[in-house]
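Asker: Let me give you the structure first, and then I'll get to my questions.
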Amino acid sequence: MKILNFGSLNIDYVYNVSEFVRAGETISALSTLEHPGGKGLNQAVAAARAGSNVFFAGNIGEDGLFLKELLESSGANTKYLKINKARTGNAIIQIDKDGENCIIVSAGANALLDEAYIKSVTADFARGDICMLQNETPCTDFIIKQAKACGMTVIWNPSPMNEKITDSAIGMCDYIIVNKTEGRTLTGKEEPEDILKALLKKYPHTKAVLTLGKNGSIYGDGTDTVKQPSFKADPVDTTGAGDTFTGYFAAMISKGTSIEETLKIASAAA
């Protein structure tokens, strides 16, 4: 079973700060760092490291060739990765003293994903394969439709949450993975159990996973509900934790692992 990841590739510029910068304020960073990023890259690397057969599809500029090397060294196949003249996507990330983050993303080459390319890539996949997605790239609705037409299982983390996300797209997915803030946006509910119930009512054909940070995660499919506590760890940087969860989740699903064990492994990895 293969995992196809249509995803974003970014160069992350990370600034460690005491407190997040406020409107009209200029502050000095405690330290700075440049490293590979993008929700798609994070998901693909996680799924590959979990031992799954991952194929990455997306776009970078020539300034992002080191991202291709990282994917390959992690075990992901980059045969579908396109190298363009556009600048590679990038992100500005603030990390505060508690390890929480605040992120601004510029799409760059990620915005060049188009329907013709999507059709050519999905044609190589079939029933039983998995399509893993995030929401930093365009044409998500079209990708989901193409993947479902091929018989693929679709796992979508609709993040960042924006106007591109449609109810019809979520309703076509086999699994959605959202955090509490995203779940609140989709349902208008506040408490985790209420959010999960509302998601399952709104999207009855889609299994839902709600990630809750230090409070673990909850899965529901309309019949069963599974709660997974978090693993205790000192917070250093939560950037990419949700992507790691998604990647390991997809990898375990591709292996036919039970949902209880899948949540446990994904939570431990994140």
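The values are calculated or read from the model by the stated rules, or taken from the named source; none is laboratory data. Computed from a predicted structure; not experimentally measured. Here the Cβ positions follow ideal geometry from the backbone for every residue, glycine too, while neighbour counts run over all protein chains shown.
Asker: For the stretch 95-130: of the residues being assigned to a strand (DSSP E or B) and out of contact with any Asp or Glu (no Cβ under 9 Å at 6 or more places or on another chain), which is farthest from residue 178 (Cα to Cα)? Don't jump to the end; show me each part of the working.
Answerer: So in the stretch 95-130, the residues assigned to a strand (DSSP E or B) come out as 95, 101-106, 130.
From what is left, the residues that are out of contact with any Asp or Glu (no Cβ under 9 Å at 6 or more places or on another chain) are 104, 106.
Numbers: 104: 19, 106: 22 Å.
Among those residues, the one meeting the criterion is 106.
Asker: crowded, with 24+ Cβ neighbours inside 10 Å and either hydroxyl-bearing (Ser, Thr, Tyr) or modelled with pLDDT of 95 or more (or both), is that true of residue 48? First the steps, then the outcome.
Answerer: On the way: crowded, with 24+ Cβ neighbours inside 10 Å: yes; either hydroxyl-bearing (Ser, Thr, Tyr) or modelled with pLDDT of 95 or more (or both): yes.
For residue 48, the condition - crowded, with 24+ Cβ neighbours inside 10 Å and either hydroxyl-bearing (Ser, Thr, Tyr) or modelled with pLDDT of 95 or more (or both) - is met.
Asker: Something else about it: Checking residue 95 against (1) under 17 Å from the mean Cα position of the chain (by Cα); (2) of a type outside the set (Asp, Glu); (3) within 18 Å of residue 18 (Cα to Cα), which single condition isn't satisfied?
Answerer: Of everything listed in (1) under 17 Å from the mean Cα position of the chain (by Cα); (2) of a type outside the set (Asp, Glu); (3) within 18 Å of residue 18 (Cα to Cα), residue 95 misses just condition (1).
Asker: Output the qualifying pairs, or none if there are none: Cβ atoms under 8 angstrom, residues six or more apart or on different chains, first residue in the stretch 152-177 and among the small types (Gly, Ala, Ser), second residue surrounded by fewer than 20 Cβ atoms within 10 Å (Cβ to Cβ) and assigned to a helix (DSSP H, G or I).
Answerer: Listed by first residue and then by second, the contacts come to 168/141; 169/141.
Asker: Restricting to the stretch 211-242, count the residues that are modelled with pLDDT of 95 or more and acidic (Asp, Glu).
Answerer: 2
Asker: Return the total of residues in the stretch 28-44 being more than 20 Å from residue 55 (Cα to Cα) and touching a Ser or Thr at 6+ places or on another chain (Cβ under 8 Å).
Answerer: Qualifying residue count, the stretch 28-44: 1.
Asker: Please specify each residue of the stretch 78-120 satisfying the condition of being more than 23 Å from residue 160 (Cβ to Cβ) and either surrounded by 19 or more Cβ atoms within 10 Å (Cβ to Cβ) or of a type in the set (Val, Ile, Thr) (or both).
Answerer: Result: 78, 83.
Residues are listed down the side, and each one gets a yes or a no for (1) touching a residue at least 40 places away in the same chain (Cβ under 8 Å); (2) surrounded by fewer than 17 Cβ atoms within 10 Å (Cβ to Cβ); (3) not β-branched (Val, Ile, Thr); (4) not in a strand (DSSP E or B):
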{"site": "193", "(1), (2), (3), (4)": "no, yes, yes, yes"}
{"site": "197", "(1), (2), (3), (4)": "no, no, yes, yes"}
{"site": "200", "(1), (2), (3), (4)": "no, no, yes, yes"}
{"site": "208", "(1), (2), (3), (4)": "no, no, yes, no"}
{"site": "219", "(1), (2), (3), (4)": "yes, no, yes, no"}
{"site": "230", "(1), (2), (3), (4)": "no, yes, yes, yes"}
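Asker: Right, something else. Inspect the stretch 20-36 for any residue being assigned to a strand (DSSP E or B), β-branched (Val, Ile, Thr) and either without any contact (Cβ under 8 Å) to a residue 60 or more places away in the chain or at negative phi (or both) and give the result as yes or no. So that I can check it myself, show each step before the final result.
Answerer: Initial filter on the stretch 20-36 (assigned to a strand (DSSP E or B)): 31-36.
Next cut, β-branched (Val, Ile, Thr) only: 32.
Pick out the ones that are also either without any contact (Cβ under 8 Å) to a residue 60 or more places away in the chain or at negative phi (or both) and you get 32.
Looking for residues that are assigned to a strand (DSSP E or B), β-branched (Val, Ile, Thr) and either without any contact (Cβ under 8 Å) to a residue 60 or more places away in the chain or at negative phi (or both), one finds at least one in the stretch 20-36, hence yes.
Asker: Just to be sure, is residue 54 in contact with a Phe, Trp or Tyr (Cβ under 6 Å, 6 or more places away or on another chain), β-branched (Val, Ile, Thr) and either under 18 Å from residue 251 (Cβ atoms) or not in a loop (DSSP other than H, G, I, E, B) (or both)?
Answerer: When the stated conditions are applied, residue 54 does not pass them.
Residue-wise test of (1) under 20 Å from residue 79 (Cβ atoms); (2) of a type in the set (S, T, N, Q); (3) out of contact with any Gly (no Cβ under 9 Å at 6 or more places or on another chain).
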residue	(1), (2), (3)
116	yes, no, yes
121	yes, no, yes
124	yes, no, yes
127	no, no, no
132	yes, no, no
150	yes, no, yes
157	no, yes, no
169	no, no, yes
181	no, yes, yes
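Asker: Moving on. Restricted to the stretch 155-184, and to residues that are buried (at least 16 other Cβ atoms within 10 Å of the Cβ) and among the β-branched types (Val, Ile, Thr), which residue is nearest to residue 135 (Cα to Cα)?
Answerer: Pass one, the stretch 155-184, residues buried (at least 16 other Cβ atoms within 10 Å of the Cβ): 155-159, 161, 165, 169-170, 172-180, 182-184.
Checking the rest, the ones that are also among the β-branched types (Val, Ile, Thr) come to 155, 165, 170, 176-178.
On the way: 155: 12, 165: 8, 170: 12, 176: 12, 177: 12, 178: 12 Å.
Looking at residues that are buried (at least 16 other Cβ atoms within 10 Å of the Cβ) and among the β-branched types (Val, Ile, Thr), I get 165.
Asker: Which members of the stretch 93-103 meet the condition of being at pLDDT below 90 and aliphatic (A, V, I, L, M)?
Answerer: Listed by number, the list holds a single entry, 103.
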